[in-house]
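Working notes for the structure below.
The values are calculated or read from the model by the stated rules, or taken from the named source; none is laboratory data. Predicted, not measured: the structure shown is a model, and the values here were computed from it. Using ideal geometry, Cβ is built from the backbone for each residue, glycine included, and neighbour counts are taken over all protein chains shown.
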Amino acid sequence: MDLVLNVADYYVFTPYVYPASWPEDGALRQIISLLVVTNLGAAVLYLGLGAISYYFIFDHNLMKHPHFLENQVWREIRYAMTSLPWISVPTVALFFAEVRGYSKLYDNVSDSPLGWPGLFLSMISFLFFTDMCIYWIHRFLHHKLIYKLFHKPHHIWKIPTPFASHAFHPVDGFLQGLPYHIYPFLFPLHKVLYLALYVFVNIWTISIHDGDYRVPGALTSVINGSAHHTDHHLFFDYNYGQYFTLWDRLGGSYRHPSALMGKGPHDLIRKLQAEGKLGDDGLKANGQVNGRAQKGVACKEE
């Protein structure tokens, strides 16, 4: 994160914001700057990437689903934008430790004992390490003593949009993001690769909420895509993984995506429309709005 902070200092903070008496390496200044950069960066990534996904990838036909809530998109955005500043507080504490040199992040490829192959290996290990950690953290958040306190708000969105990706309780959001920040304190990682992976993580988190259920056939049983994660939102205690299905298989929580078996959200929408129970605009035949109970709708209530 010091790379981002250095750029912000050079172009914005030093010439236009802070008084000359505040040194760039001052702890208070770095903490304030990191809070600003982290919140601004999170908002730009969330709103920018979320909007791209929502307008160009997300299938808006899913908004006709009986479990799609009234004004859901704006509710997702409002919840996320309220939570992100709170999530940034403990996150900045970790970024501050990185900036002060307590992590194993390095600047040059030559600093890695394995050179260029080390970059590839660290990328792979990052994905598998964080996938493993997030699986168990996510499963822990579903424990009956924890779930209602922290994780239930994210499960309000039975049929999520890309904007649901960051719409969770601050404690939930920080805990599920923690593995990404812990990794560079445990393993060597190039600073540029760390930033690239940080952006990738945000893209992936948005993508598994985008309603695009297409996955190459050979990877369906390996990659935890949007179809898998949609079933997690609908059926609650399956498909906890982030990138892969490995830990769901080992933990006995894997569920083959309903959308890939002709039993997904789109199939239900077509069925209800054919039966005259759902209008073309997503309103039910009796005039009730989305989000109310509908007989025959598959969804586990928790």
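Checking the structure you have, find out if any residue of the stretch 87-95 is of a type in the set (A, V, I, L, M) and exposed (fewer than 14 other Cβ atoms within 10 Å of the Cβ). Yes; the residues of the stretch 87-95 include at least one that is of a type in the set (A, V, I, L, M) and exposed (fewer than 14 other Cβ atoms within 10 Å of the Cβ). Within the stretch 224-254, the set of residues being assigned to a helix (DSSP H, G or I) and either surrounded by fewer than 19 Cβ atoms within 10 Å (Cβ to Cβ) or of a type in the set (Lys, Arg) (or both) comprises Phe235, Leu246, Arg249, Leu250. The single condition among (1) in contact (Cβ under 8 Å) with a residue 40 or more places away in the chain; (2) in a helix (DSSP H, G or I) that Thr82 does not satisfy is (1).
Of the residues making up the stretch 198-217, just one is hydrophobic (A, V, I, L, M, F, W, C), in contact with a Leu (Cβ under 9 Å, 6 or more places away or on another chain) and buried (at least 20 other Cβ atoms within 10 Å of the Cβ), namely Ile206.
Only one of the numbered conditions (1) under 18 Å from Met63 (Cα atoms); (2) more than 19 Å from the chain's Cα centre (by Cα); (3) without any contact (Cβ under 8 Å) to a residue 40 or more places away in the chain; (4) assigned to a helix (DSSP H, G or I) is not met by Lys263, and that is (4). If the condition is being without any contact (Cβ under 8 Å) to a residue 12 or more places away in the chain and surrounded by 14 or more Cβ atoms within 10 Å (Cβ to Cβ), then the stretch 7-21 contributes Val12, Thr14, Val17, Tyr18. Take the stretch 253-302 and flag every residue that is of a type in the set (A, V, I, L, M, F, W, C) and modelled with pLDDT under 60. Hits for the stretch 253-302 are Leu283, Ala285, Val289, Ala293, Val297, Ala298, Cys299.
Residues that are over 24 Å from Val171 (Cβ atoms) and among the polar types (S, T, N, Q) within the stretch 77-108 comprise just one, Asn108. Reported count of residues in the stretch 98-125, each being over 23 Å from the mean Cα position of the chain (by Cα), within 19 Å of Leu34 (Cβ to Cβ) and in a helix (DSSP H, G or I), is 1. Quick one: would you say Leu186 is touching a residue at least 40 places away in the same chain (Cβ under 8 Å) and over 26 Å from Val73 (Cα atoms)? Answer is yes for this residue. Taking (1) at positive phi; (2) in contact with a Phe, Trp or Tyr (Cβ under 8 Å, 6 or more places away or on another chain) in turn, Phe236 satisfies each apart from (2). Scanning the stretch 2-49 for residues that are part of a helix (DSSP H, G or I) and aromatic (Phe, Trp, Tyr) turns up Tyr10, Tyr11, Phe13, Tyr16, Tyr46. Where helices (runs of 4 or more DSSP H) fall entirely within the stretch 126-213, those with at least 1 residues that are touching a Gly at 6+ places or on another chain (Cβ under 6 Å) are at 191-207.
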